[in-house]
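The values are calculated or read from the model by the stated rules, or taken from the named source; none is laboratory data. The structure displayed is predicted, hence computed values, not measured ones. No Cβ is skipped: glycine too gets one built from the backbone with ideal geometry, and neighbour counts run over all protein chains shown.
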Amino acid sequence: MRCFVGIDLGSTTTKAVVLDEEGAVLGRGITNSRSDYDVACAVAQREALDDARLTLARRALPALGRGAPDEVLTPAAQEALLRRLEQRFRLAQHLVQLDLLGAEVTAELPAVERLFPGARLGPAIAQLLEGLRAEAPAQFLGGELPRTFFRDLAASQWARGAQAAAVPGERPYEALLGAFDKAILKVEGRLFDLGLAAVVGQAVGDLVEAGEIPGGRAGHVERALAGAVAAPLEVAASVGTGYGRARLPFPKERIRSEILCHGLGAHIMFPRTATVLDIGGQDTKAIQVDPDGIVTGFQMNDRCAAGCGRYLGYIADEMNLGVHELGPLALSARKQVRISSTCTVFAGAELRERLALGQRREDILAGLHRAIILRAMSLLARSGGVKAELTFTGGVANNPAAVAALRQLVREGYGEVPMNISPDSIYTGALGGAHFARRDVLAGAAA
Amino acid sequence: MTATPLPAAPAPQKDRSQERQKAMLAEHFARLAAAPETGAKVVYTFVPGNLTELLLSFDILPVLPEINALQSGMRQRSREFIREAEKRGHSEDVCTYVKCDLGMKLKGNVGPTGDRLPNPDLLLLSYTGCFTFMKWFELLREEYRAPTCMLHVPYQADGKVTPSARDYVVRQLREEVIPALERITGRAYDEDRLREHLRRSAEAEEDLVRVLRSARRRPSPIDGYFGAVYYVGPIFSSFRGTADAAAYYRELREEVDERVRLGLGPVTPDGPMGPERFRLVVEGPPNWTSFREFWRMFHAEGAVCVASTYTKVGGTYDEGFRHDPDRPLETLAEYCLGCYTNRSLPTRVDVLCRYMDEYEADGLLVNSVKSCNSFSAGQLLMLREVERRTGKPGGFIESDLVDPRYFSAANVKNRIDAYLQMIEQRRRGAGA
């Protein structure tokens, strides 16, 4: 089937969205924007296409529910099968990447050992890799799928393992980490192809074993599912956007500004959107759109990334927290510390100064979130104000403390304005891009 | 505050007029370099409200520190000059023209042609719409220990030149400026010579206006911002009222007429511009440190600037003003009062709306520079008002005059791209 792809190459993450012929979202993919944009772009697109195949599987399953009683795949079984399919697929991907990691770490070993005379890392590394492999099934087949990228997941496990395995002199902790750090860059640069079809058999087998699918129907279910996920997806057009858009391997007319893509994406998600606030990794945009999602005006932060997502990233690093932990912590504040500077460069200094003054982390964080949103409010005002409805997008829209601060400041400045936040808000730009791709093709076909 | 460039950077159009302008500049800087030997008197003064004809009537050589600063920006020297001034204690927030000029002085006062600039015999402070001018010359007075003469030009708060304001300026010319010039030169004021210069000014002004107005055509044969900053060079600086300037503008007019006849678009530093896709009016000075790169962000997308306010800082000739040899001091006074940044915000909005209309522009783009509050204060309000009145979209970018630290190419390009695509999308409607 024909599909349309939008890719948003952001400073922190690269997102891809795949639409079907009717403009419905088939799949979404995300990866970290590594130093190699081409790879980031390819990985995000591949993830989105894999996700699209899961959607195709979801669409195909109800057909298996029809027919004679013994053919019935109950709705619960359908859900379970889909979930298993995704789990098996993520596990398979993870294992492929662990193999790549193993190869790269082994290749890096001599160089690392030269830096640490007397070190013999081989056996410890082999053990570390074995440990990662052994942990994988539980990580992916148990409950919730890990929400982190391979790099982050593997890094934290590796660090834990390395700490346990380290022996000063013979296998220093730094050497074990160094080997990983060198290798992971290479692993991230490697593209691999792993079709969803490859795990259909395993997923069905698992459910037969669990008694969810009658054994006699396994072959039938497997064939139907394999057929659905293997349907050819023909990318009819792609549109790229985002910070790194100029680097995308697309012709110029297939590159659109983030402003336009975010405006359109927000409109598609919430058709009554009039104002869009996007706070991304290194820029903040205030966008006004008309009832068709066409941008009528915008303001962006200038060259300084103060108060953007990256700022929160530095604060999280400084506090030894994950960036997703900041918001909830800030919400538990008892009071708000007044913060005037949201300079990213001085984020650490500001924080340490406050802590040295004896202020509570939570209270400082609450103040930081408010300061970020105050900056955004200034951009919103300059772009023409906040009109109903306001749609908040970008990574920072996932942060509950930022959302709370925005709600409060919007109410103070503009009264009650309905505010939309989509759980998929990080894909807003890519979604807008995919719709531009679709419109381009439709307009071309009509012309 | 504001100033005009001299084509030290690669000229956009290697026409005869361009060569002539280069030669004029070389000659001027050679005369300046020789001043200590020849005894020629030198006056430092500002671009808006400059009294070039009056200075020429005394055979005085003008030096324009704003132009030195922007030249340093284009020659990639401003970073080191600004650093030098900051080392002396000037903060990051001070106008970067001021710091660049001071830094150049501190580093030996070597001008764009490599010759040392002479010290001033007089600092002629024409105070038009820029408070910083006063502080700037206070600083230069400390450096050079030169006498200062101030011409106070009242702000055009109600949008027109009133007789009392004009008389006030004329009285200062008679009682302050002319006596000061007589003192440093030891010569008497010669009104006939002044009239002669004013007559030549009016001639050049007529040709310049014709060139700027050529941008009303489709395609526009010139870029009325990036290209036009070169065109206004002579008339805004040391050459207005000279035979050289009159010849330059005659030649330029003929060249542009020829481009019109051939239906050609503007020539850029990267060659002739491709098909015209966007017509923009631009408010605010350009960035000088990345001038070519900045221009490229427009012309590479087929965007031509059809009119700009920056090219009116040294005179709003397109509004009908001409130097009038029959009323020599009155005409100088009216000229000073009429400078673009000496005008009220409503008047500036009117000018912009008129440009949008007369030049059939697709939108107004504001380049808000950190250094210059005379320009920047109120720009966003002006933008909104122009959007409201014309129904055309506005765009807003931020940079600086000559501080390279305040020009983020990626950020500026991002906004320009988004702005142009927004115009395109709105043109096409929802199906874009």
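Counting only helices (runs of 4 or more DSSP H) that sit wholly inside the stretch B:330-432, those with at least 3 residues that are within 30 Å of residue A:240 (Cβ to Cβ) and either within 14 Å of chain A (Cβ to nearest Cβ) or touching a strand residue (DSSP E or B) at 6+ places or on another chain (Cβ under 8 Å) (or both) are B:409-428.
Picking from residues in the stretch A:381-406 that are of a type outside the set (S, T, N, Q), farther than 22 Å from residue A:315 by Cα and in a helix (DSSP H, G or I), the one that is nearest to the other protein chains (Cβ to nearest Cβ) is A:382.
Would you check if residue A:184 is in contact (Cβ under 8 Å) with a residue 40 or more places away in the chain, assigned to a helix (DSSP H, G or I), within 14 Å of chain B (Cβ to nearest Cβ) and crowded, with 19+ Cβ neighbours inside 10 Å?
no
Scanning the stretch B:181-216 for residues that are more than 30 Å from residue B:264 (Cβ to Cβ), in contact with a strand residue (DSSP E or B) (Cβ under 9 Å, 6 or more places away or on another chain) and surrounded by 18 or more Cβ atoms within 10 Å (Cβ to Cβ) returns B:181, B:184.
Of all residues in the stretch B:119-142 being closer than 22 Å to residue B:155 by Cβ and among the polar types (S, T, N, Q), which is nearest to the chain's Cα centre (by Cα)? Result: B:128. On inspection, residue B:256 does not qualify as within 30 Å of residue B:387 (Cα to Cα) and under 24 Å from the mean Cα position of the chain (by Cα).
Pull up the stretch B:223-280, narrow it to residues that are of a type in the set (Lys, Arg) and in contact with a strand residue (DSSP E or B) (Cβ under 8 Å, 6 or more places away or on another chain), then point me to the one that is surrounded by the most Cβ atoms within 10 Å (Cβ to Cβ). The qualifying residue surrounded by the most Cβ atoms within 10 Å (Cβ to Cβ) is B:279.
Taking the conditions exactly as written (in contact with a strand residue (DSSP E or B) (Cβ under 6 Å, 6 or more places away or on another chain) and at negative phi), does residue A:149 satisfy them or not? In short, yes.
Restricting attention to the stretch A:236-277, the residues being surrounded by 24 or more Cβ atoms within 10 Å (Cβ to Cβ) and within 12 Å of chain B (Cβ to nearest Cβ) number 14.
Scanning the stretch B:281-327 for residues that are surrounded by fewer than 24 Cβ atoms within 10 Å (Cβ to Cβ) and among the charged types (D, E, K, R) gives B:292, B:293, B:296, B:301, B:318, B:319, B:322, B:324, B:326, B:327. Once the stretch B:54-100 is narrowed to residues that are outside any helix (DSSP H, G or I) and among the acidic types (Asp, Glu), the residue that is surrounded by the fewest Cβ atoms within 10 Å (Cβ to Cβ) is B:93.
The residues of the stretch A:330-360 that are modelled with pLDDT of 90 or more and in a helix (DSSP H, G or I), listed by number, are A:330, A:331.
Residues being more than 30 Å from residue B:395 (Cβ to Cβ), under 25 Å from the mean Cα position of the chain (by Cα) and part of a loop (DSSP other than H, G, I, E, B) are represented in the stretch A:417-425 by at least one member.
Could you count how many residues in the stretch A:167-181 are farther than 12 Å from residue A:155 by Cα and either touching a helix residue (DSSP H, G or I) at 6+ places or on another chain (Cβ under 6 Å) or among the hydrophobic types (A, V, I, L, M, F, W, C) (or both)?
The total comes to 4.
Looking only at the stretch B:375-409, residues that are over 26 Å from the mean Cα position of the chain (by Cα), surrounded by fewer than 18 Cβ atoms within 10 Å (Cβ to Cβ) and either aliphatic (A, V, I, L, M) or on the phi < 0 side of the Ramachandran plot (or both) come to 2 in all.
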